[in-house]
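The values are calculated or read from the model by the stated rules, or taken from the named source; none is laboratory data. Quick caveat, the model's predicted, so the values are computed rather than measured. Here Cβ is always computed from backbone atoms with ideal geometry, including for glycine, and neighbour counts include all displayed protein chains.
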Amino acid sequence: MKSRLYSLVIFATTLAMAAAVAVTAAEAAKKKRDPGKRAYMRNTCIACHGRNGRGAMLDYPNLAGQDAKYMRAQIKDIMAGKRKGSPDPTGNPRSEGMRGALVTPEGEPRITAKQIKDIVAWLAKQKPAAPTPPEKPIAAERIKAGEKLYKKKCRSCHGKKAMKPLKGYPIIAGQKHAYLVTQMQDIKTKARTNGKSKLMLSTVKKLSDDDIAMLADYLSQIDRTKK
């Protein structure tokens, strides 16, 4: 009887110790979580830009693997009301939804400079999203034509295969088709004028709607996960 009782005590003690170890490990893992990821989650960025900056909703951009300095500049412009655009799919002025999440109605920031720095540094380290397969297959000839047009019109600023842009420009390889089209159209109509948009206007205003769609066809299917 005593032996059995002793065994039960040992068993219970072992379970308690295992539970304590598990709790300690969980707490340690929580403490080690990147501060950028914590800020990304707490500031509801995930709601529009997706888990780990991938799988963004509607025509919002995927941010995983984007240049940190570019993202930081865009966040500051949005908070200051400098970056705008055409109405988004919800009917609201583009970027206003994000501005509302970052700035109070009185214009006070809801997020600190450190949180912004942490978030963009964390996003820049994330694996880029894989290309989203188009609803209808894109002909190889059209992809090739889009690549040719890109080399002629865009490569000087956005770099080889749109992966190594000049300072102040975003990485656009593998970005969502709808987002790419929207931004080119907004620059063309002057709905978006912040950052390097004014420098891009001279090029974009000469593009037809089909040129813009063709560039997006090519760019959106570049797979950055295999570089």
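Looking at the range 56-78, is at least one residue in contact with a strand residue (DSSP E or B) (Cβ under 8 Å, 6 or more places away or on another chain), crowded, with 16+ Cβ neighbours inside 10 Å and closer than 26 Å to Lys167 by Cβ?
Checking the range 56-78: not a single residue is in contact with a strand residue (DSSP E or B) (Cβ under 8 Å, 6 or more places away or on another chain), crowded, with 16+ Cβ neighbours inside 10 Å and closer than 26 Å to Lys167 by Cβ.
Exactly one of (1) touching a strand residue (DSSP E or B) at 6+ places or on another chain (Cβ under 9 Å); (2) modelled with pLDDT of 95 or more is unmet by Gly85. Its number?
(2)
Across the range 88-144, what is the total count of residues that are in contact with a strand residue (DSSP E or B) (Cβ under 8 Å, 6 or more places away or on another chain) and under 22 Å from Ala191 (Cβ atoms)?
The number of residues fulfilling the criteria is 4.
What pairs come up if the first residue lies in the range 56-70 and is over 16 Å from Gly85 (Cβ atoms), the second is assigned to a loop (DSSP other than H, G, I, E, B) and of a type in the set (S, T, N, Q), and their beta carbons are under 7 Å apart, counting only those six or more places apart or on different chains?
From residues that are over 16 Å from Gly85 (Cβ atoms), the pairs are Asn62/Gln175; Ala64/Gln126; Gly65/Gln126.
Suppose we filter the range 42-91 for residues that are in a loop (DSSP other than H, G, I, E, B) and of a type in the set (A, V, I, L, M); how many remain?
The total comes to 5.
Can you say whether Leu207 is assigned to a loop (DSSP other than H, G, I, E, B), surrounded by fewer than 20 Cβ atoms within 10 Å (Cβ to Cβ), under 22 Å from the mean Cα position of the chain (by Cα) and without any contact (Cβ under 8 Å) to a residue 60 or more places away in the chain, as far as the supplied structure shows?
In short, no.
Inside the range 105-187, counting only helices (runs of 4 or more DSSP H) that do not spill past its ends, which hold 1 or more residues that are exposed (fewer than 12 other Cβ atoms within 10 Å of the Cβ), out of contact with any Pro (no Cβ under 9 Å at 6 or more places or on another chain) and not assigned by TED's automatic domain parsing to the domain that holds Arg83?
140-153, 155-158
Yes or no: Val181 within 21 Å of His49 (Cβ to Cβ) and in contact with a helix residue (DSSP H, G or I) (Cβ under 6 Å, 6 or more places away or on another chain)?
In short, yes.
Answer yes if at least one residue in the range 215-224 is among the polar types (S, T, N, Q), at pLDDT 95 or above, surrounded by 12 or more Cβ atoms within 10 Å (Cβ to Cβ) and within 25 Å of Ser95 (Cβ to Cβ), and no otherwise.
Within the range 215-224, one or more residues are among the polar types (S, T, N, Q), at pLDDT 95 or above, surrounded by 12 or more Cβ atoms within 10 Å (Cβ to Cβ) and within 25 Å of Ser95 (Cβ to Cβ).
Can Asn52 be described as over 22 Å from Arg192 (Cβ atoms), in contact (Cβ under 8 Å) with a residue 60 or more places away in the chain, not hydrophobic (A, V, I, L, M, F, W, C) and not assigned by TED's automatic domain parsing to the domain that holds Lys176?
Spelling it out, Asn52 is indeed over 22 Å from Arg192 (Cβ atoms), in contact (Cβ under 8 Å) with a residue 60 or more places away in the chain, not hydrophobic (A, V, I, L, M, F, W, C) and not assigned by TED's automatic domain parsing to the domain that holds Lys176.
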